[in-house]
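S.K.: Here you go, one structure.
The values are calculated or read from the model by the stated rules, or taken from the named source; none is laboratory data. Small disclaimer: the values here were computed from a predicted structure and weren't measured. In this analysis, Cβ positions are derived from the backbone assuming ideal geometry, glycine residues included, and neighbour counts consider all displayed protein chains. Keep in mind that these areas ignore ligands, DNA and RNA; they rest on the heavy atoms of the full protein, side chains included. Shrake-Rupley method; radii C 1.70, N 1.55, O 1.52, S 1.80 Å.
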Amino acid sequence: MDNDALQLFEETLARYNRERYDAGQWRDYGHLPQGHSPERWAELQAMGCFELLRPEDDDHAAPLADLLPLYAAAGEALWREPLATVFAEPVAVIDQVADPARRRALLEGLITGAQLLGYAHRETGGKGIATTASRCAAGWRLDGDKAMVIGVDICGGFLVSAIEAERGQPAMFLVDAAAPGLRLQRYRSLDDGIAADLHFAQTPAEWLCDGAAAIAAADARSVILAAAEALGMMRGANRDSTEYLRERRQFGQPLLGFQALQHRLVEMLMRQRECEALVASVAEAFDHAAPALSRQVLVLRVQVARALRHITREAVQLHGGMGVTQELRIGRYYRRALMLDSLHGTADEALDALSEHP
């Protein structure tokens, strides 16, 4: 995306946020059965956002860097739409499918919205994969459980990681949302979204690709996009905090005039700027399959998780008791930051992984 197209896209997203995502609208969307507004979801598709996934050729995926403004806008306004079912892990898994025709068909299902896919890899009780896949006369059957799958109510199927019983190696499987033996246990997530645990009992599945490379690519892609979302939250928290201190007065002057508070705002802004440069750098490394990508992703997780936690905590404190009310985005930013930690891991977990990384 060239600079002119990028600027136009960012302006379109900013206008969308102003018109579609004030505090009242955000609250109303959450009361809907899907946990988001189908009308807003259709608008995103009409705006051409899904077309950002369309590659120029079969040999190269569409640039991940083009999605950063979309996720930043989503983070700033705290979109309820489950973007991951279109833009995150499913794209990385589909990119690993060897059959070109099948790969094109699956990607087209995402772009058109005909078949959105949930990513089912997380499991409770440990970091390994306990879900198993066994061959049968009709193909494959899955047994096991997956935790916290996002956007289940709009998914036509699920991309599931499982261990092949014969080889003992991970693979990725496609399971239809209406498949026999699949049971969903829905609930509200920490940030008030819709998620579900999936339970498989001899559930028929389609083998798609080997699992190790697909899971690594999916993890990297989701972490980078989550970091872009976090950037949007940082920008929103910094802007809202500055405006609040400019409006509130004490001792005859705006709170923004106090030097101690100015220093805190500068520290928050500096952390945001550092993360902006890092996210762009790691997204470029992902698009070019850089050899040190896995380490860069871990560094990104550490920096962004620490910065987002610092900025949201500071913003809550600067707003005082108002910072935790539903009417302000500040408290919601903080809860979404906790949710991202639960999905992608905390800074401490990434640091532990870095210490073991060559």
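S.K.: Of the options 74, 63, 110, report the single residue whose Cα projects farthest towards the positive end of the charge dipole of the range 60-116 (beta-carbon charges: Lys, Arg +1; Asp, Glu -1).
M.R.: 110
S.K.: May I pose another question? Compute, for residue 356, the solvent-accessible surface of its heavy atoms (probe 1.4 Å) with the complete set of protein chains present, and express it in square angstrom to the nearest 10.
M.R.: 150 Å²
S.K.: Then there's this: Assigning unit charges at the beta carbon (Lys, Arg +1; Asp, Glu -1) and nothing else, what dipole magnitude in debye, to the nearest 20, does the chain show about its Cα centre?
M.R.: I would put it at about 1260 debye.
S.K.: Using square roots of five times the C-alpha gyration tensor eigenvalues, list the equivalent-ellipsoid semi-axes of the chain in whole Å, biggest first.
M.R.: 37, 21, 20
S.K.: Further, regarding this structure: Given the options 340, 297, 281, identify the residue whose Cα lies farthest towards the positive end of the charge dipole of the range 236-358 (+1 on Cβ of Lys, Arg; -1 on Cβ of Asp, Glu).
M.R.: Of the options given, the answer is 340.
S.K.: Right, here's the next one. Round to the nearest 0.05 the FRET efficiency obtained for residue 212 and residue 356 when R0 = 22 Å and r is the Cβ-Cβ distance.
M.R.: Given R0 = 22 Å and the Cβ-Cβ separation, E is 0.80.
S.K.: A further question on this structure: With viscosity set to 0.890 mPa s at 25 °C, what whole-number translational diffusion coefficient in µm²/s follows for the range 151-305 from Stokes-Einstein and a Kirkwood radius over Cα pairs?
M.R.: 127 µm²/s
S.K.: Can you tell me the 0 to 90 degree angle between the C-alpha axis of helix 347-356 and the longest principal axis of the chain, rounded to 10?
M.R.: 50 degrees
S.K.: What's the angle, to the nearest 10 degrees (0 to 90), between helix 259-287's Cα axis and the longest principal axis of the chain?
M.R.: It is inclined by approximately 30 degrees.
S.K.: Round to the nearest 10 and give me the degree value, 0 to 90, for the angle of helix 329-344's Cα axis relative to the longest principal axis of the chain.
M.R.: 30 degrees
S.K.: Output the antiparallel fraction of DSSP beta bridges having both residues in the chain, as a percent to the nearest 5.
M.R.: So the antiparallel bridges in the chain amount to around 85 percent.
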